[in-house]
Every structure is written in C-alpha cells, then in structure tokens.
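Below is one structure, written out as structure tokens; the observations come after it.
A short reminder: the numbers here are calculations on the coordinates, not readings from a lab. Computed from a prediction, not measured in an experiment: that's the story for all the values here. Glycine gets a Cβ as well: all are built from the backbone with ideal geometry, and neighbour counts include every protein chain shown.
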Amino acid sequence: MKDLDLSLAPDPVERLASLLRLRFGEAWIPERDADGCSAVLRTQTGRAMCATPDPAANRIVLQAWVDWDWVAPTAVFTVDLAGHRDIDHWLSCADLTEAGHAMKKLMRSLLDQFESIPPLTDSREPVDLNAAEEQLGNLAVQAGELARQSSQFTARLIYRKPVADNAKRLLRLAGQTARTAIRVDLLRSPIPTDTSVPRN
C-alpha cells in the first residue's frame, strides 16, 4: 500500500482515520461518523474499529467490534501533549509515527478477541450473553454521564460562562452513547415494534 500523507488531512478526526488506515491497510474503509467526532473504519467482512479523541482526559478511546458478536472491547491511548495546545492540535500537526504504532498494537489486541469468521448459527441470541449485559451497563453509564455533563452545560449557559468546550464534550459523548444504543437496540431487535398511532 502506498504511504498516506497524513499532512493532507489537517482535521483531527480525519487525520486519525488516515493514521489508522495507514497502519491497518486499504481493506479498512473510513465510515462517516454521525457526529463527526470519531474515526470509524470498517471492512466488508463486518469488522469495525473506532477511535474517539477525549480532550478532557488527553486520551484516545479505541474500540473494536464485529457484526456477529455483541462484545465491543475498549482500550485507551494516553497522549503526551508536550508542545501542543490540546489533543486536537496534537492530532492536526504532531508526528504521529510512534503513536500510530502504539495505537495499532492496542487496536490489534482488541480485534484479536474476535473469531476470524462469523460463527455458524441461525440464532438471533447474542453470542455472549454476559457481553450483552455489559453493553447495557455501558449504555447506562454513558447516559448518566451525558445527563451530568448536560446539567453542567446548562449551568454554564445560565451563568453566561464559556460553553464551546462543554458543547464539544457533549457532542463526543452523545456520539459514543448513540453507538452503544444502536448495539443495544440490535440486541433487542428480534421483536418488531409497531410505533404507529391506532385509529378509532
């Protein structure tokens, strides 16, 4: 594969996606994230990875999943921001060579937790029920944190304090919560729900 010129993607999330694709190969296709706050890559065989910058903690949250399992293992890469204003600045213009290798190692350890091919099953039940419950727990934690940060955002708004950074954190957290919620809905999807209003 030809090397990608990471300088061509100054947007932090786009550059992060370029870095992951450079490390993992062209089979990994960038996928547009709904909130634009995470680098999501997917293969045609149903494997996916996600890297989400977390400015509040100066880290990048790495997650992997496959379409035939409910597990979504997570790892964290802590960023050394020496010489940079924040994580977005670091992603936009730092030399990411060493960081790329470290993130590849972490992400590979997540991907290695899955079977290489989908298991042969006609069941709609989760492959791992404990992992399914873990996803529900993750969603509850994320929803609670989203509510807490929303309250902080509202308070800063009322007292006329700067809110831009809080809004960005809310957006990132909302994106993570939405992704987890999608997995939980898939888990509950065997029973179709009719949301239409009955007529008299």
Ranked from highest to lowest mean number of other Cβ atoms within 10 Å per residue, what is the order of the peptides 147-159, 96-108?
96-108, 147-159
Between beta-carbons, use under 15 Å as the cut-off and find the net charge around residue 172, counting Lys and Arg +1, Asp and Glu -1.
-3
Quick calc: nm separation of the 7 Å Cα→Cβ label points for residue 182 and residue 115 -> 2.3
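Quick check on packing: order 134-145, 12-23 by the mean number of other C-beta atoms within 10 Å, highest mean leading.
Highest to lowest by the protection proxy: 12-23, 134-145.
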